[in-house]
1. Of the conditions (1) in contact (Cβ under 8 Å) with a residue 40 or more places away in the chain; (2) small (Gly, Ala, Ser); (3) in contact with a strand residue (DSSP E or B) (Cβ under 8 Å, 6 or more places away or on another chain); (4) within 14 Å of another protein chain (Cβ to nearest Cβ), A:SER368 clears all except one; give me its number.
2. Would you be able to tell me the number of residues in the stretch B:371-390 that are facing chain A (nearest Cβ under 7 Å) and under 8 Å from A:HIS88 (Cα atoms)?
3. How many residues are among the hydroxyl-bearing types (Ser, Thr, Tyr) and facing chain B (nearest Cβ under 9 Å) when one looks only at the stretch A:74-93?
4. If you go through the stretch B:304-325, how many residues are closer than 13 Å to B:ASN347 by Cβ and under 24 Å from the mean Cα position of the chain (by Cα)?
5. Give, as residue ranges, the strands (runs of 3 or more DSSP E) completely inside the stretch A:256-333 that count at least 1 residues that are free of Cβ contacts under 8 Å to residues at least 60 places away in the same chain and either in contact with a helix residue (DSSP H, G or I) (Cβ under 8 Å, 6 or more places away or on another chain) or under 23 Å from B:HIS89 (Cα atoms) (or both).
6. Is there a residue being in contact (Cβ under 8 Å) with a residue 60 or more places away in the chain, of a type in the set (Val, Ile, Thr), more than 14 Å from chain A (Cβ to nearest Cβ) and assigned to a loop (DSSP other than H, G, I, E, B) anywhere in the stretch B:289-311?
7. Take B:GLU146 and decide whether it is in a helix (DSSP H, G or I), among the charged types (D, E, K, R) and either within 11 Å of another protein chain (Cβ to nearest Cβ) or out of contact with any strand residue (DSSP E or B) (no Cβ under 8 Å at 6 or more places or on another chain) (or both).
Amino acid sequence: MKKLYLLCLTLLCIALAAPVHAEYSINADDFMYEHDKKALTTTVFLVLKSGSLNDPRGFNGLMNATFQSILRGTKKRSRSEHATAIEHLGADISVDVGFNRTIITLNVINENLEKAVALLAETVLQPAFRSYELKPLMNEIEAKLEQMKSNNRHLLFRTLRRKIYAGTPLEFPPAGYPKAIRSISFNQLRAQYWKFLKSENVFFAATSAVSERKLRDMLSEAFAGMPTGKAPAEPKIALKPQNGRKFYVIPRSGTATTEFVMGQLGFDAAYKDRLILETAMFSFGDDYSSRAMTELRKNKGWTYGAYANYRYLDLPRRYGGAFAFYSFPQRKFAENTILKAVELMEAYSKDGLTETELNYAKQSLKNSYPFQFVKASTRLLKRIYQRLDGAPFYSVEEYRRKVDQITLSDVKRAVENMHKPKSMVFVAVGDPRELRKVAEKIDGISKVTIIKDPMRR
Amino acid sequence: MPRILIILTFLFLTLTACSTSQTKENYSKINETTLGNGLVVHEYRLANGMKLLLVPDDSAPVFTYQVWFPVGAAAEKMDKRLNYTGLAHLFEHMMFRGTQKHPDGAFDQQLTLAGGVGMNATTWIDRTNYYQSLPRESLELVFELEADRMVNLALDEKLFNTERGAVFGELKMGDDNPSRFMSKLLWRTAFRVHPYRYSTIGTKEELERMTLADAQYFYKTYYAPNNATLILIGDIDVNESLKLAHKYYGSIPFQTVPRPQAPIEPPQRELRRVVETHQQARNQMVRIGFHAPAINHEDIPTLEVIASILATGEGSTFKKVLVDSGLTSDASAWVYTVKYPSLFVVNTNIKRGVSRSAVESKIFTELEKLKQGKVTQLQLERAINQMLLSEYNTISSNRGLANMMGEALMSSDDYMKYFDILARAKKVSVEDISRVAKKYFKRSNATVAVLVPPKGR
């Protein structure tokens, strides 16, 4: 009986321990490398193909909290010892959780590369998950969110995200909302981590002056204990286009400028007209000489800046991205600027660009494209983006050839299909009474909704 | 026949000698320095006094081109004819609004068409800089455009007023931002006499008073080749660059530039405190400034190390004592490395419900520990290695390296200054820290600026 009891106890201990796995080694397909001969530091990215889209309903921010918590100590080191050990090497380990990826980054001076890689592996494979670290971690995340309440631009885009992606997991930024964060439990964190840290769910990328072979061998040895297996797939997203114009105001008194944004759903990373739309957008709103800047800043001096592009909420991913037109005019010019921006948008969606504008965009973008390859880290991040989202990564020759082929009618067709200015979300930060008067002058807006606390869900 | 040959040979040799000596007169080599990443800085000076720092780097077919003028907010305030702040910055805007040869908009458009990226400029207390990055084929174009606007700007009343409008917008945007407002508050309270007390962007009243004639005077007085440094880094050939520099800048005449001596700020004898309410603040912000020496002072490396010990990374003092303990949502520390004595700053955002005096008390307690030499060797090494990591990352890009050299040159007359500071920082001892902390971290030397949210928030 005693022996049976001991056997059961042993089996129970084994079951509760961290996952046991066959030895893992990094194969060539799972290692991207860019050589940088003059680099005095090495950067290693450990990329998980999962992100906040995998947060369970009601627990947005879980993935972010989970992976931030691995920086709170390992089985061998307390949080303070762990931080000191990393930083003493002239290194930094950081975590960035996105919608469909989580990237753990090591950056270290080359003199201490091997020790830093070992420490990275310890961080990833042996996180402590001490329950008493949970509350301070959540407090920190909440404090950062609280601080964002002073940042009108953050609130503006948080609200835009919520409205454009309403009803989908994309409406929640990866850091989550305070209420959801408070409800996350320690067991959820632990479970989430081991569910997604799986060999088939990760790949490595690195840039260094150290050779590819040497670096890959170093990483393979350090990460031999990586849990094997697959992680759950991310949920499918069904995006719903906006119907009609909606105007939201985040009330703030005493601001000297009125920040506003108007936006709508965009396109995914591999969208067939992506290159046409991005090329055209350069001349409409994505350059200092763009139509938007020329009209609103150069000619009128109403605002310091007016920008439009498809990247404000995130790069286009495997699922649809978003378009946003953003400006921050002086308060006394808010009405003029907003109404003019609407007018510009309507004209653009109807007529596209002029020939001069298109040629300008094409020429400028073709000539500046080499900058995509300038730094080893830039090239690497584009390759990661290509792998995660299917975003095309053209060579210079291919890019120039494709851009050369874009015609005015291509632009008109693509813009007409994409941009529906009668169905946009407007968000502004400022005095609700003043902004209501502006909204009344915009066709199709029947009511203004006040968002008292954009950080509340 | 032979006589003719002799005469022709003599003529040929004479002409060659003349052209060589003519070339020698146009520029002179000053120095050559090899950096830690293997790049070489070639320092030259044109006959008209313009400095050139040329750094070939063929790792990508692009270059960064920056022009630096050692004139900023401090200089305009000290100029008896002007006695403003804000004009240097407003003028920086005007530099993009056209010359006699290239009308308004042409500068940006031509460079953008040529593939230019990152075209912009900044003005600060001691300097103004203009910068862009381009593909290597566009080198001559940027020389031509930059030299042209150094001397041929077409100052236009209408455009001047338009840009003034844009600057008003920028001013208001800054005032809406609690952190930027806080910075102004600190400097104008810490300094009673020195022009560092004035904000670079100026005030509404000063901006309203500025005239086109003021701008014209400023331009003619301070934008001289002997008051300019060109920093060129990337896929360039030194000889070709020198020829282009001579071709486009060589004929611009030297001129006398005023060099007023800044008034010496009298020593502060007691703690200064200022508290203001900010409409957009969500929680209390505290920023403490201690008077600190100018960049060339021997104590600067130690102050940099102290800033790193206090606030760089998860293992830093303030992170543990203020953030992890739940008192603040963040904490940072840095020392300004500028031309005249300035400030060492500690900054923090206090969490709601936490007493400000408790936070201030903690800060001063930690500074007291530094005075007592309570710093471990591990802390010291950690801080220095983090500084190394930061510097290595900065110089990994053309633009980062150019910025570093430019700032150093403007503040200290030595473009290698930051490398020198780091080299000295590596030798800093615990005794140095104690000595320097005792010297500067006295309450009588401190200015405490506080922003509080409006009552009821």
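The values are calculated or read from the model by the stated rules, or taken from the named source; none is laboratory data. Remember, predicted model here, so these are calculated numbers, not experimental data. Backbone-built Cβ (ideal geometry, glycine too); neighbour counts: all protein chains shown.
1. (1)
2. Step one: of the stretch B:371-390, the residues facing chain A (nearest Cβ under 7 Å) are B:378, B:381-382, B:385-386, B:388-389.
Narrowing further to those that are under 8 Å from A:HIS88 (Cα atoms): B:378, B:381-382, B:385-386.
Within the stretch B:371-390, residues that are facing chain A (nearest Cβ under 7 Å) and under 8 Å from A:HIS88 (Cα atoms) number 5.
3. The first filter runs over the stretch A:74-93 and keeps only residues among the hydroxyl-bearing types (Ser, Thr, Tyr), leaving A:74, A:78, A:80, A:84.
Among the residues that remain, those that are also facing chain B (nearest Cβ under 9 Å) are: A:80, A:84.
Residues flagged as among the hydroxyl-bearing types (Ser, Thr, Tyr) and facing chain B (nearest Cβ under 9 Å) within the stretch A:74-93 amount to 2.
4. Summing the residues that are closer than 13 Å to B:ASN347 by Cβ and under 24 Å from the mean Cα position of the chain (by Cα) in the stretch B:304-325 gives 3.
5. Values: elements: A:259-265, A:303-309, A:322-329.
In the stretch A:256-333, the matching strands (runs of 3 or more DSSP E) lie at A:303-309.
6. yes
7. Working: in a helix (DSSP H, G or I): yes; among the charged types (D, E, K, R): yes; either within 11 Å of another protein chain (Cβ to nearest Cβ) or out of contact with any strand residue (DSSP E or B) (no Cβ under 8 Å at 6 or more places or on another chain) (or both): no.
So B:GLU146 does not fit the description; no.
So that you can scan it fast, the table gives a plain yes or no per residue for (1) in a helix (DSSP H, G or I); (2) among the polar types (S, T, N, Q); (3) more than 14 Å from every other protein chain (Cβ to nearest Cβ):
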residue: A:ASN107; (1), (2), (3): no, yes, no
residue: A:ASN112; (1), (2), (3): yes, yes, no
residue: A:LEU134; (1), (2), (3): yes, no, no
residue: A:LYS144; (1), (2), (3): yes, no, no
residue: A:LEU155; (1), (2), (3): yes, no, no
residue: A:GLY167; (1), (2), (3): no, no, yes
residue: A:LEU170; (1), (2), (3): yes, no, yes
residue: A:PRO173; (1), (2), (3): no, no, yes
